[in-house]
Amino acid sequence: MTDLPVLYSFRRCPYAMRARLALMVSGTTCTIREVKLSNKPEALLEASAKATVPVLVTTSGEVVDESISIMRLALARNDPEGWLERQDHDLIEANDGPFKHHLNRYKYSNRHDCDPLPHRAAAMEMLRALETRLEQQAHLSGEKRGLTDMAIMPFIRQFAATDREWFVSQNLPQLHTWLADHTGSPLFQSIMPRLAPWAEGDPEITFA
């Protein structure tokens with residue numbers, strides 16, 4: 001039992017980003033522990049056998065180690081913007097499955113021993129479908145941001161950053177605007193503090 005939930009996170013991980021976005025917008029105050037992925041703390045390994053971020057340990061000791069589950073748990077408690085009303089399960093699954101598959105092989109082609117360009121092209125086909133959707137509405141969720149936008153945006157941000165000059169040259173005007181608006185928002189900026197990796201005995205840092 002703890003006074004606050006504990007979030008194990010990594011600043012640049014898109015899964016951790018989307019968890020932090022939902023925790024922040026829901027007003028969920030927690031303790032945040034930045035994880036160095038090459039030297040994971042024992043407390044994280046004990047909490048979750050997966051040992052991947054994000055991991056949320058609730059005040060009752062429940063361990064939630066799926067980012068989308070952390071989002072839904074936080075929003076079920078408090079959802080001031082109605083994000084849960086605007087979630088497209090199929091689009092989120094496509095992002096977490098096929099898009100992430102191609103993103104990994106584009107960004108980390110050496111690790112996967114593959115040619116990155118076919119994977120970049122496959123991912124771009126999915127982004128063009130999002131562009132078409134955004135031609136009809138301001139957000140993937142509709143006219144207001146919702147869970148779909150926040151669950152997917154960090155991964156498109158990662159795709160864009162892999163070769164930013166090439167990405168900005170692509171004919172995706174609506175997607176470029178959507179991504180810039182979300183990454184430039186006060187909400188996104190609030191969940192991106194630079195923190196030193198946490199170690200046992202370090203002072204706890206509140207995320208709120």
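Since every read-out is calculated from the coordinates, none of them should be taken as a lab result. Bear in mind the structure is a predicted one, so any value in this text is a computation, not a measurement. Note that each Cβ is placed from the backbone with ideal geometry, even for glycine, and that neighbours are counted across all protein chains shown.
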| note | Cα-only Rg/Rh for region 11-92 with Kirkwood Rh rounds to 0.97
| said: Using the Cα atoms of the chain, I'd like the radius of gyration and the largest Cα-Cα distance, Dmax, both in angstrom. | reply: 17.3, 51
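Once the Cβ-Cβ distance between ALA122 and LYS40 is put in as r, and R0 is 45 Å, what FRET efficiency do you end up with, to the nearest 0.05?
Once rounded, the FRET efficiency stands at 0.90.
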| said: Given 20 °C and 1.002 mPa s, compute D for region 83-185 with the Stokes-Einstein relation, Rh being the Kirkwood radius over Cα pairs; round to the nearest whole µm²/s. | reply: 154 µm²/s
| note | Restricting to Cα pairs under 8 Å and 6 or more apart, the percent relative contact order of the chain works out to 29 percent
| Roughly what % antiparallel, to the nearest 5, for the DSSP beta bridges in the chain? | 70 percent
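Can you give the FRET efficiency to the nearest 0.05 for LEU187 and ASP113, using r as the Cβ-Cβ distance and R₀ = 30 Å?
0.20
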| Among ALA151, ALA43, THR162 the positive-end extreme of the charge dipole of the chain (Cβ point charges) | THR162
| field | Residue range of the chain that is longest and free of GluC sites (Glu not before Pro) which are both DSSP loop and sparsely packed (at most 11 other C-beta within 10 Å) | value | 63-134
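Based on the Cβ-Cβ distance from GLU204 to ASP163, what FRET efficiency comes out when R0 is 35 Å, to the nearest 0.05?
Computed FRET efficiency for GLU204 and ASP163: 0.35.
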